[in-house]
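Asker: Below is the structure I would like to discuss, written out as C-alpha cells.
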Amino acid sequence: MHGPATSGWLLVALCAATGAYCLLRLRSGVEEQRRTAGDEALMGFGMAAMAVPAAVYTPPQWAWPVYAVVFGAAGLRALWAARTGGHHLHHLVGASAMVYMAWAMAAAPGHGHGGSGLPPVTGALLLYFTGYVLLGGARLVPVPAVAGGPHPAGWGDRPELARACRLSMSIAMVAMLLTL
C-alpha cells in the first residue's frame, strides 16, 4: 500500500498479530469460533502482506492477480457459508475489498487512483468498514460481569476477543482503503 512507512509497519504488525490470534482460535471448543477463525486468519495475514510499505518491498506484478484469486475464492466460500448466518457476509465484504484493492494495485502500481478522486467502490467500502468499526467498537464497551456467571473455557473461546479481532481488521481495512 502507499503511504508512510511507519503506518505501513504498524498495519503489518496489527494484521499479523490478529491473524496469529485467529490461528489460535482454530483450536477453540466452540464450533462457530473455529468456523470463522480460518477465514479471519487468512484475512489478517493477507492484509499484513498487502500493507508492507512499497518503499521496502514492491511485489512483482503477478502477485496482485494471485491475491485477487485467493481472496476471490475466500469470498466465494464466505458466500456459500452465508446461508447459515453468522459473520460470513462481513467476510464476503472483506474478501471483496481485498480483491478490489489487489486489482487497483495491479492497475496502477505506485499511483493509487492516479488523482482521479475517490472512486465509488472505494467510497462504499470506506462507508461500510467505518460503520462496522463504529458499531463494533460500541459492542466492545464492557458490561458489568454477573457474579457467579458462566466463564469461558479459555481465552481463545471468548467472543469479545473475536469481535476485537474483527474490529482491528476493519480499522486496518479503513486505513488501507484510505491509502489506496
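Asker: Please work out which residue is surrounded by the most Cβ atoms within 10 Å (Cβ to Cβ), limiting yourself to the range 127-153 and to residues that are outside any helix (DSSP H, G or I) and at pLDDT 65 or above.
Answerer: Step by step, filter the range 127-153, then rank; the result is LEU140.
Asker: Let me ask another. Within the range 36-60, restricting attention to residues that are surrounded by fewer than 17 Cβ atoms within 10 Å (Cβ to Cβ) and part of a helix (DSSP H, G or I), which residue is modelled with the highest pLDDT?
Answerer: Here the residue is ALA49.
Asker: Under 7 Å between Cβ atoms, which residue pairs at least 6 apart in sequence (or on different chains) link something in the range 77-103 that is under 16 Å from MET176 (Cβ atoms) with a partner that is surrounded by fewer than 19 Cβ atoms within 10 Å (Cβ to Cβ) and of a type in the set (Val, Ile, Thr)?
Answerer: TYR100/VAL121
Asker: On to the next question. Give just the number: which of (1) at pLDDT below 90; (2) surrounded by 12 or more Cβ atoms within 10 Å (Cβ to Cβ) does LEU79 not satisfy?
Answerer: Condition not satisfied by LEU79: (1).
Asker: Here's another thing I want to ask about it. For GLN33, are the conditions met, namely being polar (S, T, N, Q) and without any contact (Cβ under 8 Å) to a residue 60 or more places away in the chain?
Answerer: no
Asker: Looking at (1) more than 26 Å from GLU160 (Cα to Cα); (2) within 12 Å of the chain's Cα centre (by Cα); (3) of a type in the set (S, T, N, Q), which is the only condition THR18 fails?
Answerer: Condition (1) is where THR18 drops out.
The values are calculated or read from the model by the stated rules, or taken from the named source; none is laboratory data. Just so it is clear, the model here is predicted, and its values are computed rather than measured. Don't worry about glycine lacking a Cβ; one is built from the backbone with ideal geometry, like all the others, and counts go over all protein chains shown.
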